[in-house]
Amino acid sequence: MIKLPINYLEVEQVYGNTIGRGMRSLAVTSTNPGEGCSTMAYAMSKRSEADGKHTLLVEVNLLHPELGDLSGHLHTDWLPTPSSADGCIMHDDDADIDILPAPCDTDAIMFRNLNNMNKLMEYWLERYDVVVFDTSPVMAINRNNIPAESICAMVDGTIMMVMAGITRQTDLQTAIDKLRHHDATLAGFIYNDLYNPRLADELVRETRRFDKWFPNAMEKIRRYVRKSSFLNIEL
């Protein structure tokens, strides 16, 4: 999982329009796998904690769980839940946030039950200022999965990740319709440019092919490209 620095302007803008405006529960979801949900959920949780809000990051993505990979920086504390079960809450010393990694298949049944989830939400919000959910993709069909739309319907707001140049418009619209059908509140969309760089970035990258022959000229071109407002337009 890529870790975004919380001082990024993009992270600050998303935070300011969600948790910064008083949302206490937030879900980060996507249409398909690999669109950056875990990265953004982690960044939002870390930014929230930096703002003085005691924050819990809950992973409910059984399709591709990633937060358990942070185990080298986590220590475990067992926190009882209202259902008399035990939730394995880990503390990330690097980000100073509490994390509940994805449950095993057996424990996932508890998360699919809306009554249980509502009780868990009440329980967590009594102990935390903010709860952030890293959900599965809305279009993921898996018998062991925790439906993203169920989680999104419970929280104050949902952020939809979109992989620019990859996510199909028809799939995105289907996912949006599915969330709205479950009365989820869409707080906004984030377009991930990982595979769709700006024109300026592509031009700078291409100039490096000629550094061997024209190093000074290529550096001048790169400076021009970086300063050009037209070539740096965000699409």
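The values are calculated or read from the model by the stated rules, or taken from the named source; none is laboratory data. Not measured: the values here are computed from a predicted model. Glycine also receives a Cβ, built like all others from the backbone with ideal geometry; neighbour counts cover every protein chain displayed.
From the set of residues in segment 109-153 that are more than 22 Å from Ser30 (Cα to Cα) and touching a residue at least 60 places away in the same chain (Cβ under 8 Å), which is surrounded by the fewest Cβ atoms within 10 Å (Cβ to Cβ)?
Step by step, filter segment 109-153, then rank; the result is Arg127.
Which condition number does Lys53 fail, the rest of (1) modelled with pLDDT of 95 or more; (2) in contact with a His (Cβ under 9 Å, 6 or more places away or on another chain) being met?
Evaluating Lys53 over (1) modelled with pLDDT of 95 or more; (2) in contact with a His (Cβ under 9 Å, 6 or more places away or on another chain) leaves (2) as the failure.
Name every residue in segment 56-83 that is more than 16 Å from Ser38 (Cα to Cα) and modelled with pLDDT of 75 or more, in order of residue number.
none
Working only within segment 3-40, note down all residues that are touching a Gly at 6+ places or on another chain (Cβ under 8 Å) and assigned to a loop (DSSP other than H, G, I, E, B).
Passing the criteria: Asn17, Thr18, Met23.
One line per residue, one yes/no per condition, for (1) assigned by TED's automatic domain parsing to the domain that holds Glu59; (2) more than 29 Å from the chain's Cα centre (by Cα); (3) modelled with pLDDT under 90:
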| site | (1), (2), (3) |
| --- | --- |
| Asn145 | yes, no, yes |
| Glu149 | yes, no, no |
| Gly188 | yes, no, no |
| Glu206 | no, yes, yes |
| Ile233 | no, no, yes |
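Regarding Asp86, is this residue at pLDDT below 75 and farther than 14 Å from Val132 by Cβ?
Considered against the rule, which asks whether it is at pLDDT below 75 and farther than 14 Å from Val132 by Cβ, Asp86 comes out as yes.
Looking at segment 112-125, is at least one residue in the same structural domain as Pro65 (by TED's automatic domain parsing) and part of a strand (DSSP E or B)?
no
Need pairs with beta-carbon distance below 7 Å; first residue assigned by TED's automatic domain parsing to the domain that holds Gly16 and within segment 154-172, second surrounded by 20 or more Cβ atoms within 10 Å (Cβ to Cβ) and of a type in the set (Phe, Trp, Tyr); sequence gap 6+ or separate chains.
Val155/Phe133
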